[in-house]
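In what follows, a structure is listed as structure tokens, so that the remarks can point back to it.
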Amino acid sequence: MHQTNAAIEVIPRVVRIAGSGLVLALGLGTLALGIAGLSGGGRASNAAGAGKAPDAPGAAGAPDPSAGPSRAACEVSGKLVPSCGAWWGIAPEIFTGRPPGRALERAERRMGRPADIMHVYHRGDELFPTPAERAIARDPDGRRLLLVNWKPSLDHTWEQIAHGALDARIDRLAAHIVRTFPEKFFLTVHHEPEDDVREARGKGMTAADYAAMFRHVVTRLRHGGVTNAVTVMTYMGAPNWASEPWFEKLHPGDDVVDWVAMDPYVDHRVHSFDGLVNKTRPEFPRWHGFYRWMRERFPDKPVMLAEWGVFERHDRPGFKESFFASVRREIGDYPQIKAMIYFDSPRAPRGDTRFDTTPGGRRAFGELARDARLNAAVPAG
């Protein structure tokens, strides 16, 4: 199969972490840290994505709009928001049973560039980041940011958690993070809550209960010394749930939410990138799409695609290739999106989301992954 990383031309870049005086020099596919023990997140931007394979569009001839401006410096805020470009991440080879480090190594080789963000999942009393996850974040050949997805409990209601039922668990986790992982990381708490909402009285699982639970967990972690977690509120991105009368009550409050995110997937209803991030349905005429809603509701917060994936269409074997190409054409129209994390799995709940099930899909995904606008080291304008 075609190796998309075989001929990547690496261009040195410089990234500055705002307010830290830290400069990260990028080049030759590695990240050279100007300060040991970086607590601002690691691979703040990677060099492999800055280059372009010789046969990629725009490599010669007319200027390529995906190449981005020529400025070679980019700041990253204390909330891990890149001032130019966007983070590129992956949840690699999910449901395959492979250890996270091996899965990430394989996925990065398959897509032809290193990831900025590694998405990992935890539940219950599991402690994170694990040794393997810390190794991924601190890889000397190129550090990465972690997006940790945590469901505090599958046995307690949101109301119970908000009232302190898991405080000992939260405090134990806080102590573990403080002791083992000072680096900044993304944290989302019980992602995609919409289909777990039960508005009936006494269930303890209302939208307001969710907001209270999220707030309690975050404030308790902060009280325990976890000041390096950049919090993410992750919605499903589905029109049916967004049209529910309780939907707006899910938001825990701007002071405990740093980023807002959605988890959209390309099913048979979706044919374009706008159709992915702005899903609508005729039966919900008042809903005009998640990205539009986020821009109106959270104009000052960065938007993340915490999961996105394209399901296999056996009747259209070239669909993934054409969809990835369309994302590359359209991504510039969505400047508030500052991170995209692909969900890569042969056995996702509704299908195969691997990006390289065909040579064309792999090639198009690699071109998208190396696009300058999805490399936080390249200025977006």
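Read-outs: derived from the displayed coordinates by stated rules, not from any lab. Bear in mind that the values here come from a model prediction, so they are computed numbers and not experimental data. When we count neighbours, we look across all protein chains shown, and the Cβ atoms used for this are built from the backbone with ideal geometry, even at glycine.
What the table shows:
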| item | result |
| --- | --- |
| Segment 253-363 - Rg (one decimal) and Dmax (whole number), Cα, Å | 14.7, 47 |
| Percent RCO, i.e. relative contact order, over segment 80-186, from Cα pairs under 8 Å lying at least 6 residues apart | 25 |
| Cα centroid separation - segment 80-115 against segment 176-226, whole Å | 25 |
| Integer Hz, Karplus 6.51/-1.76/1.60 couplings in order for segment 288-302, x for Gly and Pro | 10, x, 5, 4, 4, 4, 5, 5, 7, 7, 10, x, 9, 10, x |
| 5 angstrom amide H check on residue 356, placed H, neighbours 5+ away | none |
| Distant-in-sequence amide H partners of residue 375 (H built 1.01 Å from N, under 5 Å) | 86 |
| Listed residues 202, 152, 216: farthest to the positive end of the dipole of segment 115-227 (Cβ charges) | 216 |
| Chymotrypsin sites (Phe, Trp or Tyr not before Pro) restricted to segment 207-266 and DSSP loop, no more than 16 other C-beta within 10 Å | 246 |
| Under 18 Å from residue 79, Cα to Cα: lysines that are on another chain or at least 8 residues apart | 184, 301, 338 |
| Label-to-label distance, nm, for residues given as residue 196 and residue 154 (7 Å Cα→Cβ offset) | 1.1 |
| Segment 190-329: radius of gyration over Cα atoms, expressed as a fraction of 2.2 N^0.38 Å | 1.17 |
| Sites residue 300 and residue 96 - FRET efficiency at Förster radius 35 Å, r taken between beta-carbons, to 0.05 | 0.35 |
| 5 Å-binned pair-distance histogram of segment 274-336 (Cα, whole percent) | 3, 14, 21, 23, 18, 14, 5, 2, 0 |
| Relative contact order of segment 290-347, defined on C-alpha pairs under 8 angstrom at six or more residues apart (%) | 54 |
| Low-density loop cleavage sites - trypsin sites (Lys or Arg not before Pro) in segment 147-188, where at most 14 other Cβ are within 10 Å (DSSP) | none |
| Segment 252-324, relative contact order in percent, only Cα pairs under 8 angstrom and at least six apart counted | 42 |
| Computed FRET value (nearest 0.05) for residue 283 with residue 180, which takes r as the C-beta separation and R₀ as 45 Å | 0.40 |
| Karplus-derived 3J(HN,Hα), 6.51/-1.76/1.60, for each residue of segment 336-344, Hz, glycine and proline x | 7, 6, 10, 7, 9, 10, 7, 9, 9 |
| Additional length obtainable on full extension of the chain from residue 330 to residue 246, 0.36 nm per residue less Cα span | 27.0 nm |
| Sequence ranges 144-156, 105-117, ranked by mean other-Cβ count within 10 angstrom, highest first | 105-117, 144-156 |
